[in-house]
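S.K.: Encoded as structure tokens, here's the structure I'll be asking about.
Readers should treat all values here as calculations from the given coordinates under stated rules, not as data from a laboratory. On a predicted model such as this, the values are computed, not experimentally measured, just so you know. For neighbour counting, all protein chains shown are included, and Cβ atoms are generated from backbone atoms with ideal geometry for every residue, glycine included.
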Amino acid sequence: MTVEHWLVYLLAAVGLSLTPGPNGLLSLTNGVRFGLARTVFTALGGICGFLLLVAASLAGMGALLAASETAFSIAKWAGAVYLAYLGIRLFRAPPPNVDEADAGGSVREATARRLFLQGFLVAASNPKALIFFAAFLPQFMVPGIPYWEQFVVLGGTFAVVEFIYELILAGTAQRIAPWIGRHGRLFNRATGAMFVGIGGILAGASRT
């Protein structure tokens, strides 16, 4: 891949990351609840989930989901149910404590493993993203280049861009923490409803 070709892909990756989605919302929410330092684990989990989708897309899984109604339905309902589960939990959660967020939030809820798994599952359970990657990445693949090299360049570039974007969202969350301290229950219910809504949109999505 030439430098010029890579720069075009980089701009496309930035545009894709800036598109509103559940992982960005999750990083913003966890940034408010647990602080930037712990939300790094959420972002890392999301990156690993996206890298799995990139690898699967390059290996042809995206084409399989696009061709099989049954496979797509199973994948989309699994993703929709998990997003709805997260939304309901957040909707029912007590208002975030801003002072706790600065210190890392609730230790029970904000373990590195739990936050990493959240980010990973939200990213990896989105079949529409898999199909998008399957349609998007081939435009930048170079014939004759080994699979693993293309995965490192394409997947690595997107991973870095998405990681930076999610950390910016988490850092921005700390700026609105005083407002959250006054309207924490409203914030939980609004973001919880958004997760449920995204899950509903995913459940009603078609392959095209």
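S.K.: With a 10 Å Cβ neighbour count serving as the proxy for reagent exposure, in which order, fewest first, do T39, T172 appear? Walk me through the intermediate numbers first.
M.R.: Numbers: T39 31, T172 14.
Least to most surrounded, the residues fall as T172, T39.
S.K.: Let me ask something else about it. At R0 = 41 Å, how high is the FRET efficiency between E149 and I74 if r is their beta carbon distance? Nearest 0.05 is fine. Write out the running numbers ahead of the final one.
M.R.: Working: r = 32 Å, r/R0 = 0.78.
The formula returns an efficiency of 0.80 here.
S.K.: Got a sec to turn the phi values of the stretch 11-17 into Karplus ³J(HN,Hα) couplings, 6.51 cos²θ - 1.76 cosθ + 1.60 with θ = phi - 60°, whole Hz, x for Gly and Pro?
M.R.: 4, 5, 5, 4, x, 5, 5
S.K.: Let me ask something else about it. Test of understanding: what is the full-extension gain from E4 to I164, defined as 0.36 nm times their sequence separation minus their Cα-Cα distance? Walk me through the intermediate numbers first.
M.R.: Numbers: separation 160, 0.36 × 160 = 57.60 nm, distance 2.20 nm.
Gain on stretching E4 to I164: 55.4 nm.
S.K.: Does the stretch 1-57 classify as rounded, prolate or oblate by the C-alpha gyration tensor (a ≥ b ≥ c root eigenvalues; a/c under 1.5 gives rounded; else a/b over b/c gives prolate, otherwise oblate)?
M.R.: Details: a/c = 2.50, a/b = 1.97, b/c = 1.27.
In terms of gyration-tensor shape, prolate.
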